[in-house]
Amino acid sequence: MRLLMLASRSLLREWRSGELAVLLASLTVAVAALAGVGFLVDRIGRAVTAQAGEVLAADLRLESDEPLAADAEQAARDGGLATSRLTTLLSVVFHGDASQLANVRAASAGYPLRGMLTTAAEPFGAGTPTRALPGRGEAWPDSRLAAALGVRVGDRLGVGALTLQVTRILIARPDQGSAFVEFAPALLIDDADLATSQLLQPGSRARFALLLAGEAPALQRFRAWQAAHARPGVRLADVADASPQIGDAAVRAARFLALASLVAVLLTAVAVAMSARSYVQRHLDGVALLKTLGASRAFVLAHSVLQLLALAVAATVIGSVIGWLTQRWLLAALAGLLRTDLPPAGWAPVFAGLAVAVAMLAGFALPSLLQLTRVPALRVLRHDAGPPPLALWLALLPALLAIALVARGTLGEWRLSLQFLAGLGAAAALLAAGGYGLLRLARRWRAAAPTGWRYGLASLGRRRAESIAQVVAFGLGVLLLALLAILRGELLRDWRTRLPADAPNYFFLNIPVAERDAFRARLQSEGARVERLLPMVRGRLVAINGRPMSALHFDSPRASNFAEREQNLTWAQELGDDNRVIAGRWWSAADTGRPLVSVAEEFAEALGLRLGDTLRFDVAGESIEVRIASLRKVRWDSFRPNFFLVFPPGLLEGTAGTYLTSARFEPRSPGALAALVRAYPSVSVFNVSDLLAQVRAVIGKAAVAVQSVFVFTLCAGLTVLLAAVQASREERRYEMAILRVLGARRRLLLRNLLTEFAVIGLLAGVLAASGAALGGALLARTLELRYHFEPGLWLLGVAGAVALVAAGGWAATRSVLSSPPSRLLR
């Protein structure tokens with residue numbers, strides 16, 4: 001109890017000294033960064049997932065070519081999930097003498113579980129959202145089907161043994177843009193009509209789906225249940241499988257946010273280390289006095305640790321409140337973008353913030369406190385008596401462990417964490433070496449400098465170790481801020497270029513070879529901007545490296561899906577600019593007709609494929625064996641035709657196939673699209689405007705989150721500045737008092753002070769901006785961004801470092817210049 005009372009009194013008394021204020025500010029910013037990012041990412045992430053689930057019309061889809069067992073739906077309902085059934089099969093739809101092959105979609109109540117249907121009174125018209133479904137005896141044909149058959153609202157259609165009345169035209173459904181394998185137009189009917197339609201017969205090619213939606217824990221429980229009751233041919237799909245465009249944007253945003261919060265924590269760690277060092281220097285005399293009164297080393301250590309734990313708790317509370325208020329403000333700003341209710345914030349970010357605060361204090365402040373316990377009692381009589389220096393391993397090991405644990409917890413993987421920390425350590429070493437070299441140059445230049453500058457340069461040389469430490473501290477702060485600014489700019493630029501305002505909004509599939517040129521000319525005459533046309537044939541992967549697919553086992557649902565389904569195959573001579581070869585080589589003209597294939601990275605990872613592996617395909621009854629010549633990184637969010645498997649020209653051109661393309665198309669009227677469908681009835685038209693809007697909404701949220709987290713890093717950088725200036729404040733106060741007693745004017749002292757800090761800022765800025773340019777190029781590859789060096793940003797980093805350090809030094813020491821020398825000397 002006595003120890004606790006003494007620690008409380010000391011904490012209140014020492015708050016006025018300044019070091020604890022900077023220490024608390026540093027910890028608060030770190031906790032606020034992690035808690036704010038945690039709250040924001042958690043809530044927006046769940047909202048984005050829910051909104052992205054509209055691409056799937058659910059959070060999860062259980063799919064099979066056979067009727068699904070009833071126990072799956074029962075297990076989902078027992079787990080608190082909403083369910084809906086969807087059966088899809090091909091059938092001919094009749095309207096008078098006209099007929100058209102269509103995808104008949106029989107949906108039960110609740111469909112879609114995510115998103116809404118859009119209907120209108122005419123094909124390709126302006127639709128209105130609805131949560132209704134066709135009733136018994138009703139049918140909603142989509143615009144393509146209605147245009148091809150000349151159907152209007154009120155007409156009757158024949159489907160199997162049913163005659164259904166058209167009551168609305170289906171303009172859009174949430175899951176129509178998830179995959180382009182449904183080449184036929186769609187007809188939506190009630191699930192209860194399916195039984196009497198006689199469409200389901202032995203041998204019918206139907207696809208059965210159970211749609212699921214609910215909270216994340218319930219979804220995870222169902223995943224576990226499905227894994228334990230897995231059946232052959234049953235696939236569980238989520239939004240990552242349905243929309244790689246949304247998946248790519250979300251992954252990049254998550255990586256950047258994690259990196260940004262880590263940068264904020266590391267910046268505040270530098271401030272904590274410098275504040276702790278200053279704290280120790282101020283308490284040497286007090287600890288020596290305590291020891292003369294009988295205090296033990298354990299008592300001194302416990303006294304200091306209790307104070308730091310109190311600071312950690314206070315920082316956690318204040319930082320969590322700031323983080324919570326920040327995410328509330330951001331969510332209010334994003335209210336127009338979010339179409340789903342957000343779940344309440346959890347407690348996990350608060351506990352993560354407390355853990356980080358304790359880890360930072362243990363790693364960066366505890367070594368200094370251990371040194372404080374070794375102060376000899378003799379210091380009461382001899383002021384030059386101090387504690388022995390800490391062993392290098394004791395000074396560095398706790399800090400390295402703390403950074404490693406924080407990096408691992410923030411980034412989520414050891415490899416990226418260790419790479420980041422290795423780069424940070426190299427940057428600190430280079431900053432120290434560069435600072436030492438530049439300080440030697442400044443010392444030589446001092447004799448030729450103007451009179452007002454000489455004292456500032458002399459101060460740098462006199463406090464060489466402290467000046468180098470400040471260069472390293474400021475340099476790391478500027479480097480991390482500049483690095484984050486570079487990556488932020490590259491990320492936003494990459495999103496803008498990947499999804500421009502004129503991105504393709506229509507896909508056209510099943511274009512016959514004989515009508516390819518005429519169809520493209522027709523689109524262009526209507527004002528469409530047509531992207532590349534690629535051929536497409538269907539084939540099934542039957543063997544890998546000579547082993548039949550039936551003899552191979554795959555653990556992940558995505559791998560099983562790749563292995564079991566028919567693949568879309570294409571061939572091309574040129575590599576699109578939205579594809580990048582990451583292994584192997586793209587073929588040349590000499591490779592035409594050779595048995596080679598280029599495989600997308602996702603396909604290769606799922607099936608465990610490598611360069612040189614052989615794949616055998618069954619294409620229209622013909623067996624074709626090829627060797628993997630390259631692996632590609634595909635930008636799926638370009639909204640241009642792309643394939644997992646690409647062959648060289650001359651290998652598959654003898655097989656029967658069709659063409660597909662995408663285009664930016666703004667029809668002059670709904671009738672223009674209807675006329676196009678009637679002129680080319682075999683062509684399937686997919687309007688992906690809704691999917692495009694969903695991706696833009698996700699990117700918009702991610703961009704706002706990226707901008708907001710950057711504010712935390714700026715605040716963290718300011719704490720480094722305050723801590724570094726505060727560390728030498730007392731020594732400067734004494735020097736300024738002596739100089740003023742000797743007759744130095746206030747203007748001369750201010751010029752000397754600004755000179756010293758400006759030179760430190762210049763040294764730190766030049767080294768940090770150069771290091772940020774190099775680090776930005778390396779980290780851009782990790783985030784899969786294209787790096788562009790910007791001289792303006794480099795100059796801004798240098799100028800900003802000079803201005804900030806000089807202004808911070810003046811702000812922290814201006815009270816010294818205005819105080820009477822007698823007061824300072826007393």
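The values are calculated or read from the model by the stated rules, or taken from the named source; none is laboratory data. What you see is a predicted model; the values in this text were computed from it and never measured. Because the Cβ atoms are built from the backbone with ideal geometry, glycine has one as well, and the counts that use them run over all protein chains shown. Surface areas here come from the heavy atoms of the whole protein model, side chains and all, with no ligands, DNA or RNA. Shrake-Rupley method; radii C 1.70, N 1.55, O 1.52, S 1.80 Å.
Which value, in debye to the nearest 20, describes the size of the charge dipole of segment 529-664 about its Cα centre when Lys and Arg Cβ atoms bear +1, Asp and Glu Cβ atoms bear -1, and nothing else is charged?
Details: 18 positive and 17 negative charges, 42 e Å.
With only Lys, Arg, Asp and Glu charged at Cβ, the dipole is about 200 debye.
Considering only protein heavy atoms and a probe of 1.4 Å, how much of the accessible area of segment 529-664 is carbon and sulfur, as a whole percent?
So the carbon and sulfur contribution to the accessible surface is 48 percent.
Can you tell me the accessible area per residue over segment 529-664, all protein chains present, probe 1.4 angstrom, in square angstrom?
Solvent-accessible surface per residue comes out at 43 Å².
Which order do Met116, Met360 take when ranked by solvent-accessible area (1.4 Å probe, heavy atoms of all protein chains), largest first? Don't skip to the end; give the middle numbers.
Numbers: Met116 75, Met360 5 Å².
Listed by decreasing accessible area, they come as Met116, Met360.
Calculate, for Val92 and Leu401, the FRET efficiency according to 1/(1 + (r/R0)^6) with r their C-beta to C-beta distance and R0 60 Å; round to the nearest 0.05.
0.30
Between Trp571 and residues 5 or more places away or on another chain, which pairs have amide H atoms under 5 Å apart, with H built 1.01 Å from N, and which residues are they?
Counting only residues 5 or more places away or on other chains, the set is Phe647.
Can you sort Arg565, Arg131 by solvent-accessible area, 1.4 Å probe, largest first? Kindly include the intermediate steps, with their values, before the conclusion.
Numbers: Arg565 80, Arg131 165 Å².
Heavy-atom accessible area, descending, gives Arg131, Arg565.
Determine the gain in length on full extension of the stretch Thr128-Leu533; use 0.36 nm per residue of separation and subtract their C-alpha separation, reporting nm with one decimal.
Full extension from Thr128 to Leu533 adds 142.5 nm.
Apply the a/c threshold of 1.5 to the C-alpha gyration tensor of segment 87-195 and tell me whether it is rounded, prolate or oblate.
It comes out rounded by the Cα gyration axes.
Before I look further, what does segment 87-195 give for accessible area per residue, probe 1.4 Å, in whole square angstrom?
37
How far, in nm, would the chain grow between Ala429 and Ser689 when pulled straight, counting 0.36 nm per residue and subtracting the alpha carbon separation?
Value of the extension gain: 88.5 nm.
For Phe351, tell me the accessible area in Å² from a 1.4 Å probe, rounded to the nearest 10.
Accessible area, nearest 10 Å²: 130 Å².
Can you tell me how much longer the chain between Arg152 and Ser588 gets when fully stretched, taken as 0.36 nm per residue apart minus their C-alpha distance, in nm with one decimal?
151.7 nm
What are the residues whose amide H is under 5 Å from the amide H of Leu651, where those residues sit 5 or more places off or on another chain and H is modelled from the backbone?
Gly593
Which percent of the accessible area of segment 87-195 is formed by carbon and sulfur heavy atoms (probe 1.4 angstrom)?
50
For segment 529-596 and segment 609-666, what is the centre-to-centre distance using only Cα atoms, to the nearest Å?
4
Please compute the modelled spin-label separation between Arg540 and Ala82, points set 7 Å along Cα→Cβ, answer in nm with one decimal.
So the two model labels end up 3.7 nm from each other.
For Arg207, Arg664, Arg440, Arg747, write out the residues from largest to smallest accessible area, computed with a 1.4 angstrom probe and no ligands counted.
Largest accessible area first, the residues go Arg747, Arg440, Arg207, Arg664.
Sort the following peptides by mean Cβ neighbour count (other Cβ atoms within 10 Å, averaged over residues), highest first: 617-624, 367-374.
Highest to lowest by the protection proxy: 367-374, 617-624.
Within the P(r) computed for segment 529-664, what percentage of the Cα pairs occupies the region above 21 Å? Let's see the in-between values first.
Numbers: 3557 of 9180 pairs.
Within segment 529-664, distances greater than 21 Å cover 39 percent of Cα pairs.
Could you give each residue of segment 525-530 its phi-based ³J(HN,Hα) in whole Hz, using Karplus coefficients 6.51, -1.76, 1.60 with θ = phi - 60°, and x for Gly or Pro?
5, 7, x, 7, 9, 8
Using a 7 Å offset from Cα along Cα-Cβ at Gln198, what residues in segment 54-95 end up with backbone N under 19 Å from the label point?
89-95
Would you please put 766-777, 148-159 in order of how densely packed they are, using the mean number of other Cβ atoms within 10 angstrom per residue and starting with the highest?
Ranking, from highest mean packing down: 766-777, 148-159.
For a quick check of understanding: with a 1.4 angstrom probe and all protein chains in place, what accessible area in square angstrom does Asp577 have, to the nearest ten?
100
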